[in-house]
1. What list of ³J(HN,Hα) couplings, whole Hz, do you get for segment 60-73 from phi and the Karplus terms 6.51, -1.76, 1.60, once you set θ to phi - 60° and write x for glycine and proline?
2. Quick one: P(r) of segment 133-284 from all Cα-Cα pairs, 5 Å bins, percents rounded to integers, in order of increasing distance.
3. Evaluate the charge dipole of the chain about its Cα centre and quote only its size in Debye, nearest 20, assuming +1 on the Cβ of each Lys and Arg and -1 on the Cβ of each Asp and Glu.
4. In the Gaussian network model of the chain, springs joining C-alpha atoms below 10 Å, which of TRP221, TRP156, TRP281 carries the largest mean-square fluctuation?
5. Would you work out the charge dipole size for segment 1-44 about its Cα centre, treating the Cβ of every Lys and Arg as +1 and the Cβ of every Asp and Glu as -1, and quote it to the nearest 20 debye?
6. Report, in degrees rounded to the nearest 10, the 0 to 90 angle that the Cα long axis of helix 162-174 makes with the longest principal axis of the chain.
7. Quote the FRET efficiency, to the nearest 0.05, computed for GLU228 versus THR54 with a Förster distance R0 of 22 Å and r equal to the Cβ-Cβ distance.
8. Relative contact order of the chain: what whole-number percent is it, with Cα pairs under 8 angstrom and at least 6 residues apart?
Amino acid sequence: MNARHFLSLMDCTPAELAQLIARAIELKAMRRQGILHEPLRNRVLGMLFEKASTRTRLSFEAGMIQLGGQAIFLSPRDTQLGRGEPIGDTAIVMSRMLDAVMIRTFAHSMIEEFAAHSQVPVINGLSDDLHPCQLLADMQTFIEQRGSIKGKTVAWIGDGNNMCNTYLEAAVQFDFQLHIACPEGYEPDPAFLALAGERATLFRDPREAVRGAHLVSTDVWTSMGQEEETAKRLVLFQPYQVSRELLDLAAADVLFLHCLPAHRGEEISLDLLEDPRSVAWDQAENRLHAQKALLEFLVPAARLS
């Protein structure tokens, strides 16, 4: 039987995604009640990081431990990938020793190639194209606070990056309208815009994009690997800063999300994370719970010894 991978939100059905969110909420409640739940005892997750991380590493490593398993951190310098071993060869070997692999990398094609040669589930912990694990946490956060997101309006402000691409997938899978405000030339990938179809609308004016929105989200203006563009982007994206005043144009019950880390004074105003409409800290915690639900869903349960 072929392994089930999670490289994109499109790898699950809408019903499966709803099930994952519901399970994440259950697991969160169980943890707060101190209930021991170890379905992945004796299972091992390999974590391959080509990009730096705080939340992704912590949430996957802590999640595996809390589910009774273990996680192994690997960077390119820790493996033969850093010395030119083909990705497919590495995938074959790693999947014979591990029960699942999480990869955080630059090129999305690297994850796809790894998954094509893997006998165990492969999870996209972030690529230049997509960040599906983050969207699980984002959707969990909204649903916990406001209920179903179906039919709601979401505004994405800033760069049309991997997060924006994944919000386009989420618009399809969770059935909401997505308003995207970005400078000309910084739109999301046309393939993801085409996928979302009439669920997505592009704006140049962030005020128009957030008008009536139930959820507003943003990200840093300069992603990892784009550092040489920082000065240019700081000028170009300045009109796209999300502030309390911008949120005032949204729905009265709007929520603000940021996948973090945040650059205060750039993509958000200095005080925005302290605004009561911001639930970024809950969102960050929910990475743990959403990914535990995902691991439980993908990884075969460990046999009792």
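1. Rounded to whole hertz, the list is 6, 5, 5, x, 5, 4, 5, 8, x, x, 9, 10, 10, 8.
2. Bin by bin from 0 Å, the calculated values are 2, 10, 22, 25, 23, 14, 5, 1, 0.
3. The dipole magnitude comes to about 1040 debye.
4. Most flexible of the set in this elastic network: TRP281.
5. Numbers: 7 positive and 4 negative charges, 46 e Å.
Charge dipole of segment 1-44: 220 debye, to the nearest 20.
6. Relative to the chain, helix 162-174 is tipped by roughly 90 degrees.
7. On the way: r = 23 Å, r/R0 = 1.05.
E(calc), rounded to 0.05, equals 0.45.
8. Numbers: 598 pairs, mean separation 65.5, N = 305.
For the chain, the relative contact order is 21 percent.
Taken together, the values in this text are just the output of simple stated rules run on the coordinates, not laboratory data. Bear in mind the structure is a predicted one, so any value in this text is a computation, not a measurement. Counting neighbours? That spans all protein chains shown, and the Cβs are built from the backbone with ideal geometry, glycine included.
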